[in-house]
Every structure is written in C-alpha cells, then in structure tokens.
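Below is one structure, written out as structure tokens, with a few remarks after it.
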Amino acid sequence: MVGRPRAERRGFRDRAEGGQRLAERLKHLAGTSDVLVVGLPRGGVPVAYEVAAALSAPLDVIVVRKLGVPFQPELGMGAIGEDDVRVVNDLIVQAAHVTPEELAGVEARERVELERRAQRFRRGRRRLPLAGRTVIVVDDGIATGSTARAACLVARAAGAVRVVLAVPVAPTDWTERLAEVADEYVTVSTPADFFAVGQFYRNFRQTSDDEVVQLLDRAAARYASTAPTVENGPPVRDDDVEVVFGPTRLAGHLTVPAAPLGLVLFAHGSGSSRHSPRNRSVASALNEAGLATLLLDLLTAREELDRSNVFDVDLLAERLVGATEWAAGQPEVAGLRVGYFGASTGAAAALAAAARSGDAVSAVVSRGGRPDLAGDRLVAVTAPTLLIVGGRDEVVLDLNRRARARLAGESELRVVPDATHLFEEPGALELVTDLARDWFTLYLPPTVPHGARPGL
C-alpha cells in the first residue's frame, strides 16, 4: 500500500485544523482571564479563531507593518502597529545610514496602509487593548518570521505583559530566528524539510478580507454569549438633583441602576446642558449597561451669559471635581469608581479634573472634544482616555492627535468615518455610544485591576 507523502501525512487539512491542533498545545492558558488571542491577517485569523474558541478567549487581529530600509525594503528597521505603536531597531537604522527624514517618510507611507487595512478588517469594530494582557500572537506558519517578529514587538510596545507566539508549523530553527521577541513559543510541527508554509496544508487557499471580518464577528458573538450579563431592574434613583458643594449649586440629573458598576459624570460643551439629547442618549446606554450617570450643568444660567466662562477650563474642572465629591456622599453611588464623559469644551474640563484627581478618576471619554484646551494638564492625566472624533471634523481631529501625544496614561483615538463634529450622520452617534459604553464597562467595574483588560 502506498502511503501519503511524508509532508502531507504530518500536515493539516486546512487552517481550521491547524488551529484546533495548535489549541491543544495551548491548553495551559485556558481559563486565564487576561488572555487575548490575536491573528495576523489574513491567513492567521482562521487559525486564531479556533485557538480563541478552544481557550474561551476574545479574538482580535493585530495589524502591523514592517518598516523596510528605503534601498532594501526586505530588511526591516522597525515596525508600526495601531494606536501609534512604533518600534525601531536603532542598530539597523545606524548601520544602513537611514536619516530621520527617510525613516519618517517610510513610516508615513506604511501608516497610511496600516490604517487602511485596519479599517477594512474591523469596519467600525473597536480594537481590543493589549495592555496588561497575555497576548497570543497566531499565524498560519513561520516563513521568514518578519511579520511575526513585528507583531510580537508591537504587542509588547502596546503594553502586553506576556507574549506567546503560536503557529501550527515552523522551521526547526524558528525560536533562534525569533529569539527574545516572545516569552513563549508554541508550535505543532517543526519539520526538517521545511521550505514553505503552504507545503504542510492540503487546503491553503487565500483567506479573503470578508472571511476575516466574518470570523471576527462570529468570535465576538460567541464570546459575548459566554460572558456574564448584567441584569438590571428598575433604577433605584432617576431624578433631578441639586449638586451642592461650598457656595456652588448646580443643576443635575442622577440615574442609578440596580447594582451599579460605576459612575459616569457628564461635562457638557459650549451651548449645551444636561438636557443635551446626544449626551442623554449616551447616558441611557450606559444605564442599560449597569452604570450610574450624573448629567449636570457646570455653569449656572447667569454664568452662561458670560461666554468667557464657557472656555474657563480651570473653573469647569473645579466644578467637576466638586460634583464628584458631592456624588461620593450620595449613598446610592458612594464608593463606585468614577469616569468622566466630556463633549467639546467639557472634554478639556474632564481631562483637567482627571489630572487634579489622579487615581480617583478611572476613565475618561471625549466626544468631539477639545482636549487641547486642557493644555499642560494633559501630562498629568493617568486615567485611561478614549478620544472620539468625526472623520470629517478635520481641525478637531488634528487637535486631538496632538493632545493625545501629551497624555501620560493609556489612550486611544477612535475616528468615526464620515462623521462631522456633532455626529449627526446616520449611525454615527450609535457608534460613539458603543465606544463609550465599552470603554467605561472596561475600566469602571471594581473587579478589574487598573490597566487590566477583562473579556468582552
């Protein structure tokens, strides 16, 4: 009887089987709450999907781009990832005599391509932060290892506390090639006659962009179905309040669901108030997610007549800090972790107040905000901060990018495609709401250590 060729017999039917067999080698990580599986698009995602399913872990893609030496692009002098992560090999840069201008040019071109690919694969889906996680980087195999190296370095630079590089098949010397980029290396097979990854798959057809998106959607739905849900009854409090501290009296509206997970204070922008339909829509979604909310006017009706008060960030921040202290004395929300949601100039006030409050504020979200108005206070903001800006709000988008570079703590900038400053376009405010809800439910629940990442 003639047997199968040796390579085929020890190979895999397809990437799904490769992922299933790889997952068996990763069983020691099953049940670990901080594990996140990331697949390298495109071929690594079907493998990573099976690994995530077996480990009951969330799945995401890790989109990276190698920074190639200008006259020898195959030689990597660094890598970039989402969230402005950048890793540069100074030794190669110096040896190749790459000037700062040349490096900046390569990075700018690759950044455009990276963002294009990330938007294509995610299509509005929020990227899962890597900070504080054990990140399993998965591909369908190792050839040169350049992409896997870049992914591991990017994961580390993004704050992963442990990086595991896992592939179904690799050359015998793969750990030497990729020395020190990961904390652990896992594979199913290291054949001596390795010359190409596809050699060990009977079905090695190209994975399409649509397949990547479908697998991510399926993984998110599957993981959500296994995650604990918050059961809310009627709110224990939902009424107008007078927020009093010192001589200051502010109008507000406090909503507290049953068994609240945290408290979010809203800082409204110029010309807005606690009655803002956009902020009330966001607050309602936060309430449904189990978060208490306090919408308040940081200025009295008389104070609003003086337009200079609207841009007095110090005054607004002082009011927000005072309102936070008032909330701490309300029995329904006392002891809860606090977050700030700021819009327009209110975002600057939220960040300035967070800078003053330190660890007392656990998260900040800015919607179409002007964080730049917080000025030098930005360098003192340690609370994880999410900046949400419309893609067509170009001036404010640029201001947010510059402000974000000054933030001391973890931060993300999320751009809502085709949205303008007020997010009035169909579906825009809904996406803002989803992003804000996910950010606050990530960082406010008391069981989540600061900087850690629970499952989605």
Filtered residues of the stretch 261-289 (kept if modelled with pLDDT under 90 and in a loop (DSSP other than H, G, I, E, B)): L261, H268, G269, S270, G271, S272, S273, R274, H275, S276, A289
Checking V64, V87 in turn, the sole residue that is in contact with a helix residue (DSSP H, G or I) (Cβ under 9 Å, 6 or more places away or on another chain), at pLDDT below 90, at negative phi and surrounded by 24 or more Cβ atoms within 10 Å (Cβ to Cβ) turns out to be V64
When you go through A52, A79 one by one, which is the residue that is within 25 Å of the chain's Cα centre (by Cα), part of a strand (DSSP E or B) and not assigned by TED's automatic domain parsing to the domain that holds G391? A79
Here are some residues: A292, A285. Which one is hydrophobic (A, V, I, L, M, F, W, C) and in contact with a Pro (Cβ under 8 Å, 6 or more places away or on another chain)? A292
Considering only residues that are part of a strand (DSSP E or B) and of a type outside the set (D, E, K, R), which ones fall in the stretch 405-421? S411, L413, V415, V416
Consider V106 carefully, then state whether it is free of Cβ contacts under 8 Å to residues at least 60 places away in the same chain, surrounded by 17 or more Cβ atoms within 10 Å (Cβ to Cβ) and part of a loop (DSSP other than H, G, I, E, B). no
Tell me, which residue of the stretch 181-217 that is among the small types (G, A, S) and part of a loop (DSSP other than H, G, I, E, B) is surrounded by the fewest Cβ atoms within 10 Å (Cβ to Cβ)? A192
Where T172 falls short, out of the listed (1) in contact with a Ser or Thr (Cβ under 8 Å, 6 or more places away or on another chain); (2) touching a residue at least 40 places away in the same chain (Cβ under 8 Å); (3) polar (S, T, N, Q): (2)
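The values are calculated or read from the model by the stated rules, or taken from the named source; none is laboratory data. The shown structure was predicted, so the numbers you read here are calculated from the model rather than taken from an experiment. Backbone-built Cβ (ideal geometry, glycine too); neighbour counts: all protein chains shown.
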